[in-house]
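What follows is a single structure, written as structure tokens, with notes after it.
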Amino acid sequence: MKIALASARMIDRDISYNLSQMKCYMKEAKTNGADLVCFGEAFLQGFNALSWQYEEDRKIALATSSQEFTKIRTLTKEIDIDVLFGYNELEDESLYSSCALIAGGELVHNYRRISKGWKEYTKTDKHYKEGITVEIFDYKGKKCVIGLCGDLWDHPERFALGEDLLFWPVYVCWTQEEWENGGKLAYAEQAKLCCENTLYINSICDGDAFGGAVQFFSGKIQRELPILNEGLLYVTI
């Protein structure tokens, strides 16, 4: 199985642009023989899209039955490639930081972040929630798990499930100096606590996040697309 990790540029509160980025990278990844392309945390709306005012935020959050999800389902069939991406989810009256894997037009797995660092929790109310479950799911014969950003720092024991592969979409604002001078090694060690084979995906957002993608294997950096580089890192599982 060939997987593409997207160090992709996104724009906060611009779903149309972010969808166009997903489509572009899906086509590129397909051309290069990938089965799946992965994007970072909250990529669909942008990590800083929420205002922590519920009536405003519920307008930009998306249900899995939304028009935007239908478009992504269609793209996976038209381009013939699967996609994993973070987004702000609306279910009934609740908001989550979630991550979906769509394959062949079908929602294979939907994960909700279990740690609270995705939100400004001193400002939010009961509508902003965390998930409660971490589950192994099957994808192309591999036992897989998804963890979002701070999940692996706050609850590493919950991700040590004997899985084959851990997807780790993040939104990390390290500078290049911080990342190279110890940051990425700290992430490698943390990933080792959870899964032997972990795929880290960060996004690019002007002036805030600087991207990068890494395959961590047994606490070491197996493959890397360095920070400040926009593009795809290909790994074979």
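Each peptide in 204-213, 14-23 receives the mean, over its residues, of other Cβ atoms within 10 Å, and ordering these scores from highest gives 204-213, 14-23.
Of 227, 79, 11, which is the most mobile in a GNM of the chain whose springs link Cα atoms less than 10 angstrom apart? Highest fluctuation among the options: 79. Atom-type composition of the exposed protein surface of segment 15-132 places 44 percent of the accessible area on carbon and sulfur (1.4 angstrom probe). Using Cβ point charges alone (K and R +1, D and E -1), the dipole size of segment 87-177 about the Cα centre works out to roughly 80 debye. Calculated accessible area for segment 1-109 comes out at 38 Å² per residue, all protein chains present (probe 1.4 Å; ligands, DNA, RNA ignored). The candidate values were (1) 18.2; (2) 17.5; (3) 18.7; the one computed from these coordinates for Kirkwood radius over Cα pairs in Å carries the label (2). Taking the Cα centre of the chain as origin and assigning +1 to Lys and Arg Cβ atoms and -1 to Asp and Glu Cβ atoms, the resulting dipole is close to 440 debye. Roughly how many whole Å is it from the C-alpha centroid of segment 60-88 to that of segment 199-231? For segment 60-88 versus segment 199-231, the Cα centre distance is 23 Å.
The values are calculated or read from the model by the stated rules, or taken from the named source; none is laboratory data. Keep in mind it's a predicted model, so treat the numbers as computed, not measured. Every residue, glycine as well, gets a Cβ built from its backbone with ideal geometry; the counts of neighbours run over all protein chains shown. Protein only, heavy atoms only, side chains kept; ligands, DNA and RNA dropped before computing areas. Shrake-Rupley method; radii C 1.70, N 1.55, O 1.52, S 1.80 Å.
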